[in-house]
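Scroll down for the structure; my scribbles are underneath it.
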Amino acid sequence: MTRTLVRAFSSHTMLRLMCAISPEQSNRANFNFDDFTWDHYEKLLRLATGNYTIAGYQELSYRDDFLLWRHDVDYSPQRAVTMAKLDAKHGVRANFFVLIRSDFYNFLDEESINAFAEIRDLGHHIGLHFDASFQSPVASREGMEARLAREREMVMNELGTSVDVFSFHNPTPELLQAFSGPSYAGMVNAYSRGFFEQIGYCSDSNGYWRFQRLEDVLTNREHRKLQVLTHPEWWTKTVTSPHERAFSCIDGRANWLKSKYTGFLEQNDRKDIDW
Ligand SMILES: [Zn+2]
């Protein structure tokens, strides 16, 4: 074949291939949708326990290798319970961080408190997931520590457990720069500069692997010390897109609220008046 023919053949083949792959299929492959199922999560737990010693933030020895497994609960305490059960099944004592100021759940409602109490009773550590941008950003160390202490107190009181570590929710680079110390308000800072200088990091933020796939990180064991961040909302039983995973949390809570509303009316012999 002449070079022109080869080029024509190649572009024709490429066109056919592009037509054969739908956008859904390419997103599924490109963003590893299949990684975010409970089955795959268990595979990751097996890899983690086979290759690392699982540690808590308060018990780190830098002489040894370790893996810190952190869950920032942004959207769904219910999915966090599922994750906590799988962690416990595989002997992983993980770290679940409560977000008091979530738009997606109310930490103080009965369902949420019960969910976090169940996580605590499974033997996991409870930490604070802290939104430093709430209302107005805090600039001083004193102001930051006062707010951290207040939220820490609330979680400790509600769950009757110690809270010795916190992480920032949606931190900006400026925030991480300004508050890069090892601890604030008596809690370990999971985003301290020291952690990021000495410990590898892998996160599932926004429902996909932005830098490295966790499976590769755990298999290759390129970091002898590792902090893993997973968010329960991004993990479901079946293969779905990140958008579907987020919206199913939102719809699940809306449906729960509706049934709570109608259930209250029924139990109290009230009418549900509509048009
Ligand atoms: Zn968060």
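The values are calculated or read from the model by the stated rules, or taken from the named source; none is laboratory data. Keep in mind the model is a prediction, meaning the values are calculated, not measured. All Cβ positions, glycine included, derive from the backbone under ideal geometry; neighbour counts span all protein chains shown. Just the protein is used for accessible areas: all its heavy atoms, side chains included, with ligands, DNA and RNA removed. Shrake-Rupley method; radii C 1.70, N 1.55, O 1.52, S 1.80 Å.
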Completion exercise
With all protein chains present, the chain has a carbon and sulfur share of its accessible area (1.4 Å probe) in percent of 51 percent
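Span-like helices, the chain: DSSP H, alpha-carbon axial extent 24 Å or more, mean Kyte-Doolittle -1.0 or greater, which ones? Could you put the intermediate results ahead of the total?
Details: long enough: 3-20 (25 Å, 0.48); 141-159 (27 Å, -0.96); 242-267 (37 Å, -0.79).
Answer set is 3-20, 141-159, 242-267.
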Handout entry: Hydrodynamic radius (Kirkwood) for the chain, which is based on Cα pairs only, to one decimal in Å
Key = 20.9 Å
Practice task
Take the Cα atoms of region 139-226, find their three principal axes, and give me the spread along each one in whole Å, biggest first.
Solution key: 41, 31, 25
Fill in the blank from the handout: Expressed in angstrom and rounded, the centroid-to-centroid distance over alpha carbons for region 246-269 and region 135-202 is 34 Å
Handout entry: Eligible lysines near Lys43 by straight Cα distance, threshold 25 Å, same-chain separation 8 or greater
Key = Lys85, Lys89, Lys225, Lys237
Fill in the blank from the handout: Once Ile119, Ile54 are ranked on solvent-accessible area with the largest value leading and a 1.4 Å probe, the list reads Ile54, Ile119
Exercise for the section: First measure r as the distance between the Cβ atoms of Arg120 and Thr219, then evaluate 1/(1 + (r/R0)^6) with R0 = 22 Å and state the FRET efficiency to the nearest 0.05. Expected result: 0.10
Completion exercise
Most packed first (mean Cβ within 10 Å per residue), the peptides 100-107, 70-77 order as 70-77, 100-107
